[in-house]
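Beneath this line is the structure, given in structure tokens, with notes to follow.
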Amino acid sequence: MIFSRKRAAGRHALDERALNVPETAEDVPPTSVEPARGPYDVTEAPDGVQRLDLGSLQIPAVPEVEVRVQADQQGVVQQVVLVHGQSALQLGVFAAPRSEGIWDEVREEIRQSLLGDGAAAQEATGEYGTELHARVRTEDGPTDLRFVGIDGPRWMVRAVYQGAAATDPAAAGPLAVCLDGLVVDRGVEAKPVREPLPLRLPREAGEQATAADPEARQTDAASAPGNR
């Protein structure tokens, strides 16, 4: 499962410096103000950052974070997981309406589904607003998950922390840095609400995977250009 988070103070909350009102015309800053942090829409992403381009998602290169990408025979990405130490972060991105976010609605559906499966699930306030914390049963025993949702302009990122970062946000460390620096390129075409936005292997990674084994399309994208 993959899920998203949104900010309690609004998608484009400004940092404290943006709240200072200039006293003279000479002090007036440029009218274009970047969000204090991401995930960013591609139209407002900072320049000069090394990123791994997966199509609709661009993941910033962060030291010691391994990017694992699983794709089908056509190179269409089915799963993106970032790993650091004993924690993991699974990512996905979906189309959303122009007028409003969908995380509140999606979060409730997830909660009901988890409860129906007998899993303990409860909401909590996190860095980006309301999160969903759950403990599910797996073959390896009980597993803690932390679902975080981010509503953007006509898109929603869904992320789920696993491992130590699921119960202790402070343990997310570099994984949280990746999420904060994520860039979404939704494209301009109309899409049904909640449809996954297309993800693809970087061309070089796809060629390497095919040459190594046409049947094995799971690759460590951390070795691809842009994430070195």
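Within the set A170, A166, the sole residue that is open to solvent by 50 Å² or more (accessible area, probe 1.4 Å), part of a helix (DSSP H, G or I), among the hydrophobic types (A, V, I, L, M, F, W, C) and over 23 Å from S56 (Cα atoms) turns out to be A170.
Scanning the range 113-125 for residues that are exposed (fewer than 11 other Cβ atoms within 10 Å of the Cβ) and either of a type in the set (A, V, I, L, M) or more than 17 Å from P142 (Cβ to Cβ) (or both) yields G116, A124, T125.
Annotation: of all residues in the range 174-188 being open to solvent by 30 Å² or more (accessible area, probe 1.4 Å) and farther than 22 Å from G101 by Cα, the one that is farthest from the chain's Cα centre (by Cα) is P174. Inspection of the range 135-155 finds a residue satisfying the criterion of being buried (at least 22 other Cβ atoms within 10 Å of the Cβ) and free of Cβ contacts under 8 Å to residues at least 60 places away in the same chain.
Does any residue of the range 218-227 turn out to be open to solvent by 60 Å² or more (accessible area, probe 1.4 Å), modelled with pLDDT under 50 and among the aliphatic types (A, V, I, L, M)? Taking every residue of the range 218-227 in turn, none turns out to be open to solvent by 60 Å² or more (accessible area, probe 1.4 Å), modelled with pLDDT under 50 and among the aliphatic types (A, V, I, L, M).
Kindly establish whether S87 is of a type in the set (S, T, N, Q), at negative phi and touching a helix residue (DSSP H, G or I) at 6+ places or on another chain (Cβ under 9 Å). Steps first, answer last, please.
Numbers: of a type in the set (S, T, N, Q): yes; at negative phi: yes; touching a helix residue (DSSP H, G or I) at 6+ places or on another chain (Cβ under 9 Å): yes.
Judged against the criteria, S87 is a match.
The values are calculated or read from the model by the stated rules, or taken from the named source; none is laboratory data. Only a predicted model underlies this, so the values are computations on that prediction, with no experimental measurement involved. Counting neighbours? That spans all protein chains shown, and the Cβs are built from the backbone with ideal geometry, glycine included. The area values use the complete protein model at the heavy-atom level, side chains included, leaving out ligands, DNA and RNA. Shrake-Rupley method; radii C 1.70, N 1.55, O 1.52, S 1.80 Å.
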